Amino acid sequence: MAEERAQRRLAAILAADVAGYSRLMGEDEEGTLAALKAHLRELIDPKVAEHRGRIVKTTGDGALVEFASVVEAVACAVEIQRAMAERNAAVPAGRRIAFRVGIHVGDIILDGDDIYGDGVNVAARLEGLAEPGGTCVSEDVYRQVRGKLDVAISGGERQALKNIAEPVRVYRIAAPGRAGTAGPRSRALRGRRTVLYAGLALAAIALVAAGIWFGPNLPGGRPTATRPGDPLPIVAVLPFDNQTGDEGQAYLADGITEDVIDGLGRFGTIRLIGRNAVMAYKNRPATQRDVASQFGASYVVQGSVRRAERGLRVAAQMTDARDSTVLWSNRYEGEASDVFQFQDSITREIVGTLAARIANMETVRLGDERRPQHDAYDLALRARAVGHDRSRTANRRFRELIAAAIEKDANFATAHAHMADALHSQTVFGWSEFPADTLRRGEYHARRAIALAPDRADGYRALGRILDALGDRAQAQSELRRAIELNPSDATALAMWGVYEGYNGTLPSAIDALELAHKYDPGLDASFLFYLALDYYLARRHDDALRLAERGIARNPEFAMFQVVAAAAAGQLGRTELAQRHATEVRQRLPHLDLAGLGSRYNDASRAAYLRDGLTRAGLLPASDASGPVR
């Protein structure tokens with residue numbers, strides 16, 4: 001007779017025990033047992049039932065509980081821990097019963113009323129990592145509850161768990177009243193920001209309101225941000241210094257520090273030292289060597305807030321912690337009367353610029369190294385250095401590197417998003433024999449990226465590009481809007497939004513978005529520089545258009561579309577010889593380009609007509625093709 005197949009199901013598992021149970025029992029066995037039974041009867045059993053859980057078993061000082069819903073499991077744990085803090089308020093510190101909780105979601109094996117399997121084992125190991133009164137959850141749990149519960153979650157470090165094959169990324173819900181729970185000042189400030197922030201910034205702030213910080217506090221108080229061998233650069237954002245001369249303004253410096261940490265935390269290519277760890281450096285000097293030694297940081301961000309003629313001035317700089325070289329610095333001024341709007345604006349600029357510069361420097365660093373073994377992240381960075389839109393050869397090499405990265409880690413969401421971007425470029429630049437098939441492959445990788453990392457912007461951004469190329473422009477803009485909501489400092493998403501604004505909106509808003517994107521990341525795809533030059537031309541800024549197009553030609557000689565803008569701009573400026581020279585390049589290098597059809601995507605027909613007018617002046621189109629309104 002065939003062996004009976006084990007019954008399995010997916011479940012959220014909560015494991016809990018009493019911290020210091022042996023000591024409590026040794027000091028007062030009867031009192032401890034009576035208090036524990038009262039907590040179980042009056043609090044835990046009702047809460048588990050309220051959240052539709054099932055107590056699988058109790059083990060003297062602990063319990064194992066199964067839930068069908070991950071959100072219900074975490075909500076139950078949070079409510080129990082908060083209620084326990086209230087119940088313990090009148091109890092002497094040495095006699096308090098405090099639970100440690102671990103939660104994981106995974107496959108379990110049923111054996112009668114009992115359960116087994118890795119889902120149970122991981123939850124039990126996470127419980128052992130929790131502080132008294134605190135809760136530890138796995139990455140799978142965190143992804144499903146983020147943004148759904150009013151609770152602060154921190155951490156994100158990988159930890160090797162006993163008898164568990166693969167390291168698990170651990171997130172922490174602090175004990176009530178401990179670090180990680182917003183105080184009255186913090187809550188009031190965030191509430192006021194929520195009223196003041198508009199549009200896309202509002203959605204982004206809501207997504208980070210949980211206060212996600214990378215970097216646990218390990219035994220002995222030594223924080224770290226990553227496991228050994230993790231190639232992600234580690235960044236320490238030190239507390240911004242309040243130099244206003246008014247202690248009442250200290251909250252502004254603290255708020256900027258917190259917002260920069262939160263903003264950088266949304267970029268999956270960076271590891272952040274936790275806010276609680278860096279706050280140890282508030283109001284005391286720290287050398288680069290101190291920070292690099294304590295945190296293992298690759299980069300250190302510092303700043304200050306002081307009075308200025310216009311109100312307030314914020315200065316910020318980033319330093320290479322390895323040799324104390326200042327890599328970037330800037331200062332921002334704003335009106336003191338609009339302090340919250342000012343804080344939001346400069347925080348976005350700092351975050352966007354830092355993320356782009358760190359990515360560029362890491363790309364150069366890894367490109368210079370010659371290591372025989374590459375992991376998925378290394379391969380993705382090397383692909384980024386190659387670029388996917390510079391030439392057909394570069395696009396092929398980019399896809400080869402990304403394919404290798406996906407082979408090494410099939411769940412590497414960023415690699416799937418990169419592959420979608422590369423397949424989009426392969427199609428729109430005419431490097432694919434079967435463009436429809438290529439775009440569908442791109443759509444698959446973009447949707448895979450979103451499924452793996454629904455809180456990351458790059459998957460939505462890539463999907464927006466693909467859907468646009470497939471002709472579904474309404475859905476494309478929806479996906480792009482989602483990308484910017486998730487990360488308002490994402491340079492590529494901003495640049496794409498600028499492109500759409502050029503097609504469907506106003507030229508000033510298109511130019512603003514593209515200029516801001518290039519300020520964040522000067523190394524953006526050449527196509528975005530082309531669109532900015534084109535928008536300058538359409539806005540009658542012919543000198544700017546010609547200057548930018550010629551810069552694009554110098555930096556990206558294989559991207560021949562810059563010649564089109566340069567020819568049109570030179571034609572409008574009456575620089576006939578220069579216009580003809582660029583026109584010759586267009587004919588030779590883009591012999592099949594439909595010049596008369598350029599601009600067909602603009603909702604405003606006068607823009608296409610004005611582009612044709614410039615091409616006619618450059619000699620690329622006969623006068624008859626320049627018909628149409630030119631305003």
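What number of residues within region 550-578 satisfy the criterion of being assigned to a helix (DSSP H, G or I) and within 16 Å of Tyr536 (Cβ to Cβ)?
The number of residues fulfilling the criteria is 16.
Do we find that Asn163 is within 21 Å of Phe67 (Cβ to Cβ) and not β-branched (Val, Ile, Thr) in this structure?
no
Filter region 292-319 down to the residues that are among the charged types (D, E, K, R) and modelled with pLDDT of 70 or more, then identify the one that is nearest to the chain's Cα centre (by Cα).
Arg313
Out of Leu524, Leu532, Leu516, Leu593, I need the residue that is among the aliphatic types (A, V, I, L, M), assigned to a loop (DSSP other than H, G, I, E, B) and within 17 Å of Met496 (Cβ to Cβ). Which one?
Of the residues listed, the single one that is among the aliphatic types (A, V, I, L, M), assigned to a loop (DSSP other than H, G, I, E, B) and within 17 Å of Met496 (Cβ to Cβ) is Leu524.
Filter region 415-469 down to the residues that are surrounded by 23 or more Cβ atoms within 10 Å (Cβ to Cβ), in contact with a Leu (Cβ under 9 Å, 6 or more places away or on another chain) and hydroxyl-bearing (Ser, Thr, Tyr) and list them by number.
Tyr460
Taking helices (runs of 4 or more DSSP H) that fall entirely within region 357-467, which contain at least 3 residues that are farther than 26 Å from Arg146 by Cα and modelled with pLDDT of 85 or more?
Counting at least 3 such residues, we get 392-408, 413-428, 435-452.
Applying the selection to region 23-66, what residues are under 16 Å from Glu127 (Cβ atoms) and among the small types (Gly, Ala, Ser)?
Gly53, Gly60, Gly62, Ala63
Only one residue in Asp17, Asp45 is in a helix (DSSP H, G or I) and either under 41 Å from the mean Cα position of the chain (by Cα) or surrounded by fewer than 12 Cβ atoms within 10 Å (Cβ to Cβ) (or both). Which one?
Asp45
Can you find even one residue in region 335-351 that is within 27 Å of Ala420 (Cβ to Cβ), modelled with pLDDT of 75 or more and not assigned by TED's automatic domain parsing to the domain that holds Ala403?
Within region 335-351, one or more residues are within 27 Å of Ala420 (Cβ to Cβ), modelled with pLDDT of 75 or more and not assigned by TED's automatic domain parsing to the domain that holds Ala403.
Of the numbered conditions (1) over 23 Å from Val120 (Cα atoms); (2) out of contact with any helix residue (DSSP H, G or I) (no Cβ under 9 Å at 6 or more places or on another chain), Gln7 fails exactly one; give the number of that condition.
Result: Gln7 fails condition (1) only.
Scan region 148-161 and report the pairs whose first residue is of a type in the set (D, E, K, R) and surrounded by fewer than 22 Cβ atoms within 10 Å (Cβ to Cβ) and whose second residue is at pLDDT 80 or above and part of a loop (DSSP other than H, G, I, E, B), with Cβ atoms within less than 7 Å and a gap of 6+ or a chain change.
Listed by first residue and then by second, the contacts come to Arg158/Pro167.
Being at pLDDT 50 or above, polar (S, T, N, Q) and over 16 Å from Val137 (Cα atoms) is the filter here, so list the residues in region 147-196 that pass it.
Asn163
Which ones in region 596-610 are in a helix (DSSP H, G or I) and either farther than 19 Å from Val499 by Cα or out of contact with any Lys or Arg (no Cβ under 9 Å at 6 or more places or on another chain) (or both)?
Ala596, Gly597, Ala605, Arg607
Name every residue in region 443-470 that is small (Gly, Ala, Ser) and over 21 Å from the mean Cα position of the chain (by Cα), in order of residue number.
Correct list: Ala469 only.
Report yes if Val78 is surrounded by fewer than 16 Cβ atoms within 10 Å (Cβ to Cβ), assigned to a helix (DSSP H, G or I) and out of contact with any Pro (no Cβ under 7 Å at 6 or more places or on another chain), otherwise no.
Here the answer is no, as Val78 does not meet what is asked.
Specify which of the listed residues (Leu538, Leu532) is in contact (Cβ under 8 Å) with a residue 40 or more places away in the chain and outside the structural domain of Ala446 (by TED's automatic domain parsing).
Of the residues listed, the single one that is in contact (Cβ under 8 Å) with a residue 40 or more places away in the chain and outside the structural domain of Ala446 (by TED's automatic domain parsing) is Leu538.
The values are calculated or read from the model by the stated rules, or taken from the named source; none is laboratory data. In this text, all values refer to a predicted model and were calculated from it rather than measured experimentally. Virtual Cβ from ideal backbone geometry, glycine too; neighbours counted across all protein chains shown.
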